[in-house]
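Take a look at the structure below.
The values are calculated or read from the model by the stated rules, or taken from the named source; none is laboratory data. Everything numeric in this text was worked out from a predicted model, so none of it was measured. Just the protein is used for accessible areas: all its heavy atoms, side chains included, with ligands, DNA and RNA removed. Shrake-Rupley method; radii C 1.70, N 1.55, O 1.52, S 1.80 Å.
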Amino acid sequence: MPDTTLDEQTDKSAGPIIHLPTKVSRTSLIENGMLTLNEWGANHICKVCIANSGSCCRDCRHLLDGVGCQRRNTSCTAWLCGFHKFLLYEVGQLEEWNNFWHQVPGQDYREDFTPEYIVIDKALRRQKQTMEHLGEALAADLQEMERSHIAIGIIITLREKLDKNIDQLTTVENDPKKQIRLRRKIKVLTSGFERFHHLLKKYHEQQADVISP
Ligand code: SF4
Ligand code: SF4
């Protein structure tokens, strides 16, 4: 089980106050997106996914064997697979993520036509408290799941189901009954993520402590 302490509680949103709308570079959008995901430990999930033949970069002409992506772009940064969607959904950052990337023009498949500078109206605020171990715990749960199931590729099937259900959830904002049904389904699908849920509970408790006076 990974260490359960929160990452250093520095105010990551500190720094120059940004007045919106503001002009930002395409490169900074990509860097900020990657940083945000990795603060939650998304990279750990990728390692397990790739090791189990689930890489979303497979057959991409920009992928250099053993080195990685040679053409990072806004499209691939904005795009979330089912696992990463689930991670942001659980920490309450999915809606902000979607809203942020929605305003970035020029996204395409495995490339972008985003101008070098754009004006944004919404910022992607990185939360003051993050927990990289959440992604690490989810990765460990996924590895365990893959190891203990006879069916090969079970985690990839699960990734697609999560993707579908979380996407549906974002389209039923005005239908509480459907929302409840989908949230239940997501809960059932992820009931085997013991390490992850254990840490998530701690994360929410510690967050509540910080918020309460
Ligand atoms: S599908 Fe998701 S977890 Fe797998 S490599 Fe791609 S981004 Fe990472
Ligand atoms: S362009 Fe996108 S799909 Fe291709 S290697 Fe880079 S991140 Fe992966």
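From zero up to wherever the largest Cα-Cα distance of the chain sits, split into 5 Å bins and tell me the percent of pairs in each.
Result, from short to long distances: 1, 6, 13, 17, 19, 18, 14, 8, 3, 1, 0 percent.
How many Lys pairs in the stretch 22-211 lie less than 17 angstrom apart by Cα atoms, where the lysines are 8 or more positions apart or on different chains?
17
In terms of modelled amide H atoms, which long-range or inter-chain residues lie less than 5 Å from the amide H of GLN107?
PHE113
Could you work out which residue, out of GLN168, GLN107, GLN93, moves most in a Gaussian network model of the chain, that is, has the largest mean-square fluctuation with Cα springs under 10 Å?
In this elastic network of the chain, the residue with the biggest mean-square fluctuation among GLN168, GLN107, GLN93 is GLN168.
How much accessible area per residue does the chain have, in Å², with a 1.4 Å probe?
Accessible area per residue: 60 Å².
Report in % the part of the accessible area of the chain that belongs to carbon and sulfur, leaving out ligands and nucleic acids; probe 1.4 Å.
After summing per-atom areas, the C and S share lands at 53 percent.
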